[in-house]
1. Kindly indicate whether LEU257 is within 16 Å of the ligand (Cβ to nearest atom) and of a type outside the set (Lys, Arg).
2. Of the numbered conditions (1) buried (at least 18 other Cβ atoms within 10 Å of the Cβ); (2) within 16 Å of the ligand (Cβ to nearest atom), THR93 fails exactly one; give the number of that condition.
3. Taking interchain pairs and intrachain pairs at least six residues apart, which have beta carbon atoms under 6 angstrom, with the first residue in the stretch 302-325 and within 17 Å of GLY458 (Cα to Cα) and the second among the aromatic types (Phe, Trp, Tyr) and in a strand (DSSP E or B)?
4. Can you tell me which residue in the stretch 405-452 is nearest to the ligand (Cβ to nearest atom), limited to those that are over 21 Å from SER230 (Cβ atoms) and in a strand (DSSP E or B)?
5. Quick one: how many residues across the stretch 201-249 are among the small types (Gly, Ala, Ser), more than 16 Å from the ligand (Cβ to nearest atom) and more than 26 Å from PRO331 (Cα to Cα)?
6. Would you mind finding the one in THR358, THR373, THR377 that is surrounded by fewer than 24 Cβ atoms within 10 Å (Cβ to Cβ), more than 16 Å from the chain's Cα centre (by Cα), of a type in the set (Val, Ile, Thr) and within 30 Å of ASP29 (Cβ to Cβ)?
7. For GLU42, work out the one condition from (1) surrounded by 13 or more Cβ atoms within 10 Å (Cβ to Cβ); (2) farther than 22 Å from LEU347 by Cβ; (3) free of Cβ contacts under 8 Å to residues at least 12 places away in the same chain it doesn't fulfil.
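The values are calculated or read from the model by the stated rules, or taken from the named source; none is laboratory data. Everything numeric in this text was worked out from a predicted model, so none of it was measured. With ideal geometry, Cβ positions are generated from the backbone for all residues, glycine too; neighbour counts draw on all protein chains shown.
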Amino acid sequence: MISRKILLKDEDIPRQWYNLAADLPTPMDPPLGPDGKPIGPEMLAPVFPMNLIEQEVSQQRWIDIPEEILDILYRWRPAPLRRAVYLERFLKTPAKIYYKDESTSPPGSHKPNTAVAQAWYNKQFGIKRLTTETGAGQWGSALSFACKLIGLECKVFMVRISFDQKPFRKIMMQVWGGKCIASPSNETNAGREILQKMPDTPGSLGIAISEAIEAAVTDSSGKTRYSLGSVLNHVLLHQTIIGLEAKKQLQMIGEKLPDIIIGCAGGGSNFAGISFPFVYDKINGKKIEIYPVEPAACPSLTKGPFVYDHGDTAKMTPLLPMHSLGHDFVPQPIHAGGLRYHGMAPLVSRAVHEGLLTPKAYPQLQCYEAAMTWVGTEGTICAPETSHAIACVIEEAVKAREEGKEKVILFNYSGHGLMDLSGYDSYLSGKLTNLELPQDEIDRMTAIFASMPKPNQGKTGKW
Ligand SMILES: *Cc1c(COP(=O)(O)O)cnc(C)c1O
């Protein structure tokens, strides 16, 4: 009998996170300050607590997960590894398709894996309140959930247009005790300045990040910090529990290492979570194809150069070494809001540059078609972000059929789409279009990099 649900016992939960920075064949470039000089940990101290800054710069391969964090994660972890047998049958593929089901967390995505850890470390450090930004609301709801359980206040700056158009995530935040404010707001200088110039602006993630950082660093009590849901090293670290569980689950049923690993990539955290524990095997000689998948409308990995860029529009963050379309880039309003980010996690960017990962980009219609194939076979409604991974899975499973190879495919089912039904509505009513990014627009946005510092472009050439 085929195992469709591969479940670990609570006591088999991984007890350490995996830090890829310890094993990358070329070292990571440091973040740079406005003067172009590397910034030290103390310069980040007004923004993040020191225990998380230590993780951010750590070169240690394995980092213990505190027992109290595990005690919270047990609510939904270990998460199921499932086999998509109904999709396999439909595609008549000899490939075996496994996926980690991160939709089973209370907020419905992988994001609480790091929200819980970040809230816990802040609490340990004596912090009382976290600020953050959110686009469609996935991250804001995950952090509100974590703060509720850990006993912190949570203030979320939500991009105005989503605040108005997507009330349900906002209500989730409020139910978990989070304070959700439309951005730009009157609460910060950054917000007030923009409102004065553009009172009717729909807002953007870049503006919301600037507001959330300002709200954290200007609290005179010193008890507020800022929290980011993706991109940074410590965020990716917390997500590696996904891939570490998957590895145990595949071993449990006597399965070999995957031939292909796939995840959608916005800032890179869920992709890193499933793949980094296997990138370790690839660095150590195993043959694995690893695909981060992004939208064709926001192709930072496939079309953006490997540069130093700011993480936000207002240039409040340090310069990070990453693949980027430029901090002024505002992607088209595709429904996969979580994938509309101009940059990419430095660790994912470096691994792509090394050739350890092979990025792919798909247009949104193909992704919704893949989501509908999934609905008709596996039955669940995936997040629009997750549909990008599924589009790639279907392509690879069909390729395996054509080649007659019994490949093992592993992907990350990063979240459910039950709060994202308006995208499905547009698809079903035929209103959805492909929003691809013309090359001259990419050239225009990335021209800024000519005068900016460059990360080390060297690579081993092994992969
Ligand atoms: C936020 C989100 C993403 C994209 O973020 P990453 O940091 O790239 O993982 C993908 N899927 C879901 C369901 C999300 O909520």
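1. Details: within 16 Å of the ligand (Cβ to nearest atom): no; of a type outside the set (Lys, Arg): yes.
No, not satisfied.
2. Unmet condition: (2).
3. The qualifying pairs are PRO321/TYR308; HIS323/PHE306.
4. Top of the filtered list is ILE409.
5. Going through the stretch 201-249 one residue at a time, the tally reaches 4.
6. Numbers: THR373 fails: within 30 Å of ASP29 (Cβ to Cβ); THR377 fails: within 30 Å of ASP29 (Cβ to Cβ).
Residue meeting the stated conditions: THR358.
7. So the condition that GLU42 fails would be (1).
Let's see how each residue does on (1) farther than 25 Å from MET252 by Cβ; (2) among the hydrophobic types (A, V, I, L, M, F, W, C); (3) outside the structural domain of SER275 (by TED's automatic domain parsing):
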residue: PRO41; (1), (2), (3): yes, no, yes
residue: LEU44; (1), (2), (3): yes, yes, yes
residue: LEU70; (1), (2), (3): no, yes, no
residue: PRO80; (1), (2), (3): no, no, no
residue: LEU87; (1), (2), (3): no, yes, no
residue: ALA95; (1), (2), (3): no, yes, no
residue: THR104; (1), (2), (3): no, no, no
residue: ASN122; (1), (2), (3): yes, no, yes
